[in-house]
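The values are calculated or read from the model by the stated rules, or taken from the named source; none is laboratory data. Predicted model only: the values in this text are computed from it and were never measured. Cβ placement follows ideal geometry from the backbone for every residue including glycine, while neighbour counts extend to all protein chains displayed.
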Amino acid sequence: MKYDFDHEVPRFGTYSMKWDDDDFFKVITPNLRLDRETIRLNLADMDFRCAPPIARAMHRVADFENFGYTTANSAPEYTKSIIDWYRRRHQVEVRKEWIVHSNGAIDGVEQAIRAFSEPGDGVIICRPIYRNFTSVTDKTGRHVVNCQMINRGDGDYEMDWNAVEEACQQPENKAFILCSPQNPVGRVWTEEELKKIAGICRRGNVVLVSDEIHSDIIRRGVVHLPVIKAVEDTSNIILVSGANKTFNLMGLHCAYSIIPDENLRKQYQKNYEPPMPTPFAIAGMTAAYNECEDWLDQLNDYLDDTMADAVDQIHQKLPLAKAYLPQGSYVLWIDFSGYGYSTEILQELIYQRANVALQKGSSHDPDEGGQFMRMCVTCSKGKIREAIERIAAAFEEYEAGNRK
Ligand SMILES: Cc1ncc(COP(=O)(O)O)c(C=O)c1O
């Protein structure tokens, strides 16, 4: 392998949310231990060294020695890199004018909610789903309309089509936020499913916002379909994505929305002054999309191997837990209900005794996620193995104590 993904970057002291801002996590999960020994797998943020052309681009920009106002328009190569990326990686033509820079995928989602609904309106989501879809809906004064996905029990989640159809028929529900691939369950939606969702939304006058930020992290042999490719009539569709997750550039804010329909785009931008990308974002995303495809392909190989290994290790060392290889993303959605522990005990064993930070399932699924944990496979294979071993040891110690 050309790139060494077993080697992690030391991240303490790098202005990192994950490593330097424990208070941020303690608000949501006060019982996390979070010290120097914690294995931190609770945030979708990779610990690998970035692709070398990105670091070179950062040095080049630092050498400008001037960081005045910056615009996306001032760098045609930036927009072109997005267009070329979609053409090469996803075989779909994106036009320049469809692209609106954003501060992050979640910024794009928030903007869509604000543009296409009023306070008090409903925003449809299908849980388990990325927790910030809920927080952003609450923050904007809209309310969540949850169409709980059907858990087939073997890692295969399906839409509850009747619930989706019914929710989209309610006039007060104005937007449907799709997670494609779905974080945390890892589903990659098929063409048929995407067409069906888009059709149901269109018939109900609901704007479909497809968050595809995880779309480039995908298992070998699985194909992600951008919604604008799967669906012919894009008059109600906003695709939200970026290089943020793909190349771990969240600190640079490398994200955008793609909106083919002119009227929709105008309304999206009506009360929104799209954020100015920083020169680092422009250079970082352009380098990532133009020069780092080999890094991404190797990353995907590494993640395929590490995730398959993690699932295997969980089956061996935590036989009563259920975990399945997701089709997309680098997150594992682990069901610990087989152990029969209360949510409090489960968290105590994993967070305090094992000292592993996972994200509690109830964040993504308040009704049915209490026995689940989300593990972000965002570091070396060795570290993931150690985390699973530590959890297994904590469970064994607890069981042994109960037997006494
Ligand atoms: C589905 C989804 N959307 C958005 C985000 C946030 O992305 P960004 O940093 O680009 O706002 C995440 C982060 O984990 C995510 O999983």
* Taking segment 27-69 only, how many residues are buried (at least 19 other Cβ atoms within 10 Å of the Cβ) and at pLDDT below 95? -> 0
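Select the strands (runs of 3 or more DSSP E) contained entirely in segment 112-203, then report the ones holding at least 1 residues which are basic (Lys, Arg).
On the way: elements: 122-125, 143-146, 173-179.
Hits in segment 112-203: 173-179.
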* To do: Examine segment 145-161 for a residue that is within 16 Å of the ligand (Cβ to nearest atom) and hydroxyl-bearing (Ser, Thr, Tyr), and state whether such a residue exists.
  => yes
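Considering GLU232, GLU193, which residue is at pLDDT 95 or above, surrounded by fewer than 23 Cβ atoms within 10 Å (Cβ to Cβ) and more than 22 Å from the chain's Cα centre (by Cα)? Step through it out loud before you land on a result.
Working: GLU193 fails: more than 22 Å from the chain's Cα centre (by Cα).
Being at pLDDT 95 or above, surrounded by fewer than 23 Cβ atoms within 10 Å (Cβ to Cβ) and more than 22 Å from the chain's Cα centre (by Cα) holds for just one of GLU232, GLU193, which is GLU232.
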* What do you reckon, is ILE177 within 16 Å of the ligand (Cβ to nearest atom) and either outside the structural domain of SER241 (by TED's automatic domain parsing) or within 18 Å of the chain's Cα centre (by Cα) (or both)? -> yes
* Find the helices (runs of 4 or more DSSP H) located wholly in segment 264-382 whose residues include 3 or more that are closer than 23 Å to ARG187 by Cβ, and list them. => 293-317
* **Pairs with Cβ under 8 Å, 6+ apart, first in segment 28-50 and over 20 Å from HIS7 (Cβ atoms), second among the charged types (D, E, K, R) and surrounded by fewer than 13 Cβ atoms within 10 Å (Cβ to Cβ)** => LEU32/LYS26; LEU34/LYS26
* **For PRO128: the one exception among (1) crowded, with 23+ Cβ neighbours inside 10 Å; (2) in contact with a Ser or Thr (Cβ under 8 Å, 6 or more places away or on another chain)** => (2)
* To do: Considering only residues that are within 19 Å of MET373 (Cβ to Cβ) and of a type in the set (Asp, Glu), look in segment 305-316 and name the one that is farthest from the chain's Cα centre (by Cα).
  => ASP312
* Structure fact -> All-but-one check, LYS139 against (1) under 30 Å from GLU77 (Cβ atoms); (2) more than 18 Å from the chain's Cα centre (by Cα); (3) within 16 Å of the ligand (Cβ to nearest atom), failing number (1)
* To do: Identify the single condition in (1) among the small types (Gly, Ala, Ser); (2) in contact with a helix residue (DSSP H, G or I) (Cβ under 8 Å, 6 or more places away or on another chain); (3) farther than 15 Å from ILE237 by Cα; (4) within 13 Å of the ligand (Cβ to nearest atom) that ALA112 does not satisfy, given that it satisfies every other one.
  => (3)
* **In segment 76-100, the residues that are in contact with a Phe, Trp or Tyr (Cβ under 6 Å, 6 or more places away or on another chain), more than 16 Å from the ligand (Cβ to nearest atom) and either not hydroxyl-bearing (Ser, Thr, Tyr) or not assigned by TED's automatic domain parsing to the domain that holds ILE258 (or both)** => VAL92, VAL94
* To do: Collect the residues in segment 233-263 that are away from the ligand (no atom under 16 Å from the Cβ) and not in a loop (DSSP other than H, G, I, E, B), keeping them in residue-number order.
  => ILE237, GLU262, ASN263
* Asked: Of all residues in segment 213-232, which are hydrophobic (A, V, I, L, M, F, W, C) and within 16 Å of the ligand (Cβ to nearest atom)?
  -> ILE213, ILE217, ILE218, VAL227
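For segment 147-162, what are the residues that are buried (at least 18 other Cβ atoms within 10 Å of the Cβ) and either modelled with pLDDT of 95 or more or over 19 Å from the mean Cα position of the chain (by Cα) (or both)? Before you say what the answer is, go through the steps one by one.
Filtering segment 147-162 down to residues buried (at least 18 other Cβ atoms within 10 Å of the Cβ) leaves 147, 149, 155, 157, 159.
If the condition is that a residue be buried (at least 18 other Cβ atoms within 10 Å of the Cβ) and either modelled with pLDDT of 95 or more or over 19 Å from the mean Cα position of the chain (by Cα) (or both), then CYS147, MET149, TYR157, MET159 are the ones that fit.
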* To do: Answer yes or no: is there a residue in segment 101-113 that is assigned by TED's automatic domain parsing to the domain that holds ASP216, of a type outside the set (Val, Ile, Thr), surrounded by fewer than 19 Cβ atoms within 10 Å (Cβ to Cβ) and out of contact with any strand residue (DSSP E or B) (no Cβ under 8 Å at 6 or more places or on another chain).
  => no
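Quick test for you: out of TYR272, TYR302, pick the one residue that is more than 22 Å from the chain's Cα centre (by Cα), of a type outside the set (D, E, K, R) and surrounded by 16 or more Cβ atoms within 10 Å (Cβ to Cβ). Before you say what the answer is, go through the steps one by one.
Working: TYR302 fails: more than 22 Å from the chain's Cα centre (by Cα).
The match here is TYR272.
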* within 16 Å of the ligand (Cβ to nearest atom), modelled with pLDDT of 95 or more and farther than 30 Å from ALA115 by Cα - does that describe any residue in segment 269-286? -> no
